[in-house]
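Contents: one structure, followed by commentary.
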2 protein chains.
Amino acid sequence: MSLVEAVLAGERLALARVLTQVENDTPAGRTALNELFPYTGQAHMIGITGSPGTGKSSLVNHLAKALRMKSDQRVAIIAVDPSSPFTGGALLGDRVRMRDLSGDTGVFIRSMAARGALGGLAHSTAAAAQVLDAAGFHFVLIETVGAGQSEVDIARLAHTTIVVEAPGMGDDIQAIKAGILEIADILVINKADRPGVDNTERALRSMLELANPGRKSQGEHTWQPQVLRTIASQGEGMAALVTAIDEHAAYLRSSGAWQSREQERVQNNLQNLIQATLVARWQKQVAPDHYQAVLQRLYRREISPYQAVDLLLNLED
Amino acid sequence: MSLVEAVLAGERLALARVLTQVENDTPAGRTALNELFPYTGQAHMIGITGSPGTGKSSLVNHLAKALRMKSDQRVAIIAVDPSSPFTGGALLGDRVRMRDLSGDTGVFIRSMAARGALGGLAHSTAAAAQVLDAAGFHFVLIETVGAGQSEVDIARLAHTTIVVEAPGMGDDIQAIKAGILEIADILVINKADRPGVDNTERALRSMLELANPGRKSQGEHTWQPQVLRTIASQGEGMAALVTAIDEHAAYLRSSGAWQSREQERVQNNLQNLIQATLVARWQKQVAPDHYQAVLQRLYRREISPYQAVDLLLNLED
């Protein structure tokens, strides 16, 4: 049995090995993705994002358990850590999580750290999600941290995007949220037993209204982002969250948005690959001496960056 | 007088106009950057990053005032908002800031929202910083929010990177910090009148030790990241912060790191430009029909993403 066949047969060790190949973008990884690609397109990809301090990892844990309990469907978790670009170290929270879920063979957890290149993390996360999709996981939960480009990239990967908040995260948090709220399909206020939860919910609802002024009046085929309260550390609110996820899936399928998000994701992935390939080809083609000479002139400010690009890209003239 | 000459002469209106041209990457913007580039390389670029709730914007405000007071040098602020990719809206905090600093003609404030393309924000921030550098600002403060790729991009732009923390930001914050701490030259614990400040400082110092185990023993030409306490809302701790910035600049110049960071920044900027140019050229070259046909086959999963790239990039064969 080949490695890819073993992945399709559900063997965890083979899956881990292919994921490593794919993340490292080895030739074997590319071949495996080629062979697995026809089996993709089945999983419900769910992105979960939120600032540090919101209890997001705990929420993902309990959500995975709730999804398992409800329908016995298999759940994969990709924990993305874009904050560790230099060491590529493992998440601290990961060990806790492992202990909590590792008894269940219906759950597979993978953590990923940022890679060197710009867009590298988005690319390897997309590839890992494809492998898990082909391997037959019904849900792929993609968890990330922060409030920047990485969340937008996740929104592009996921069918459903969950944004996690917590009460009392400070005042200037308001400024940052508008953009994030625009990508939220479901908003979770975790740690809902904390003081200030009513204020937080009120603030979020008014920002949602600000971010999506039109949504209310657009008829039946629009999705109103849901606002839910949870206390993940006690498992509270998980059933309602699973229901909201189911409702969002039903909305996506009936409205045609499932397919359009799918296509957007595929196209995005293709464009990242094209970009990376173009750069790799150019790097092979340019003479290192020529590159260094141009760079030195740029350092001395004899030429501008745009003039340097002209000198470096017009090799074939 | 041309627009570029007006920028070099210190005219604010011309500066604002050139910044807009440069951010929008218009032909006029590129020409302006070409003409301004020989005048760059003078400013001290300072990146300031931190999670929401740390009071970072207030800190940047008071730091700008302190730099002005100490040496009457001109200060520019670029406030980057990577969280608002869809609307590109203005920062809420910006209006407050404007009111606070607008009386001083030695201060120039520019806010930037995320652009569409991957790496677009890093590119336009780099370009804006170059314009402000050429326009004669002694300090360019680049402020960003979040904990992801954008901070790393800032670290690459800046000579000095300041990471802002606040007491009591939650427990799982520890996991996220290791990567950010690696890029910090100066660590500020703002809101230092809050409870828990001693714990926060202890935790940060031990994480610093973890992140930079070797730094202590590397002799005189190494920089020990400094840990400072501030209460920005009351202007407390600003003098010490200005001193730390001066010391870091002196260290950078004496160790040769000033020049190497400069060169790294220039090279990085060049590579982003090359990437963007390669993609733009390819887009001009590919027939839209061919692209659509390949995309449809990909949607139907008849081919994999890698096979699609092969079909789209081997046009000249």
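Bear in mind these aren't lab numbers, they're just calculated from the coordinates by the rules spelled out. Remember, predicted model here, so these are calculated numbers, not experimental data. Backbone-built Cβ (ideal geometry, glycine too); neighbour counts: all protein chains shown.
The table below gives the values:
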quantity	calculated
Directionally averaged projected area (convex hull, Cα atoms, segment A:238-317), nm²	9.8 nm²
Shielding by partners - mean other protein chain Cβ count within 10 Å, residues of A:248-260	0
Amide H within-cut-off set for A:M45, under 5 Å, with H built and near neighbours excluded	A:V140, A:H159, A:T160
Sequence ranges A:239-249, A:254-264, A:182-192, ranked by mean other-Cβ count within 10 angstrom, highest first	A:182-192, A:239-249, A:254-264
Whole-angstrom gap from segment A:123-143 to segment A:25-58, using each part's C-alpha centre	3 Å
Label distances, nm, B:S254 versus same residue in remaining copies, Cβ-directed 7 Å point	7.1
Position B:R301, label points 7 Å along Cα→Cβ, spacing to each other copy in nm (shortest first, one decimal)	5.7
Cut-off under 5 Å, modelled amide H: who pairs with B:V227 long-range	B:L187
Order by protection proxy (mean Cβ within 10 Å, highest first), peptides A:43-52, B:103-112	A:43-52, B:103-112
Average partner coverage of B:299-308, which counts Cβ from other chains inside 10 Å	6
Long-range amide H partners of A:M112 with built H, under 5 Å	A:A79, A:V80, A:D81
Of B:K70/B:K191; A:K191/B:K56; B:K65/B:K191, those spanning more than 20 Å from alpha-carbon to alpha-carbon	B:K70/B:K191; A:K191/B:K56
Rg and Dmax [Cα atoms of segment A:13-80; Å; Rg one decimal, Dmax integer]	14.9, 40
Neighbouring partner chain Cβ atoms per residue of A:236-245, average, 10 Å criterion	0
Net lengthening on full extension, A:D289/A:R202 (0.36 nm per residue, minus Cα-Cα)	25.2 nm
